[in-house]
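Structure first, commentary second.
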Amino acid sequence: MYTMNMKIIYPEELQGIVHEKTCENEEMYLKVIYLLEEDGLKPVCSNNVSKVLKISLPSVVEMLNKMDKKGLVKYDGRKGVFLKPKGKKMAKKIVRNLRLTELLLQDILKMKNIEKYACKFEHSMTDEIANAITKTLKNPEKCPHGKLIPKI
Ligand SMILES: [Zn+2]
């Protein structure tokens with residue numbers, strides 16, 4: 001949970017984000033907004049997104065406005081950013097892929113420092129791979145961080 005005077009500690013799953021081209025696409029934004037909301041940060045502000053993605057605030061604002069026009073989020077500079085149903089549906093799928101990737105890396109491939117690799121790997125995840133991991137791990141409910149894997 002977050003309070004006004006507390007230093008924000010972002011979820012572990014967001015600490016593996018490295019500033020790359022992939023950070024600039026809307027999927028990354030949707031993922032970050034979803035994970036911050038899930039962690040109890042409501043509303044999520046452009047400032048939070050800017051810090052997590054290490055992208056300048058004006059660029060984040062520009063992107064959020066674009067996503068607002070596309071009907072993915074509702075964005076208001078003062079009130080913050082909220083996922084709209086279409087954006088939430090996409091975010092759920094991305095987070096599902098992220099958490100299945102984490103399980104793949106940790107439980108099947110026996111890797112450590114999974115946060116470092118999961119972010120890159122999740123972008124290559126297809127529905128077929130996601131389904132295969134789900135089947136191999138017998139419908140896992142939680143990721144290695146103990147967070148629920150969204151059902152889609
Ligand atoms: Zn996780």
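If Val81 satisfies all but one of (1) surrounded by 18 or more Cβ atoms within 10 Å (Cβ to Cβ); (2) assigned to a loop (DSSP other than H, G, I, E, B), what's the number of the condition it fails?
All conditions pass for Val81, except number (2).
Which ranges mark the helices (runs of 4 or more DSSP H) fully within the range 84-152 that have 3 or more residues being buried (at least 18 other Cβ atoms within 10 Å of the Cβ)?
85-103, 114-122
Please specify each residue of the range 130-152 satisfying the condition of being more than 11 Å from the ligand (Cβ to nearest atom) and either free of Cβ contacts under 8 Å to residues at least 24 places away in the same chain or of a type in the set (Lys, Arg) (or both).
Listed by number, the residues that qualify are Asn131, Ala132, Lys135, Lys138, Asn139, Glu141, Lys151.
Any read-out appearing in this document is the output of simple, stated calculations on the displayed coordinates, not a laboratory observation. Just so we're clear, the structure is a prediction, and the values are computed from it rather than from any experiment. FYI the Cβ positions are ideal-geometry reconstructions off the backbone, even for glycines, and counts take in every protein chain you see.
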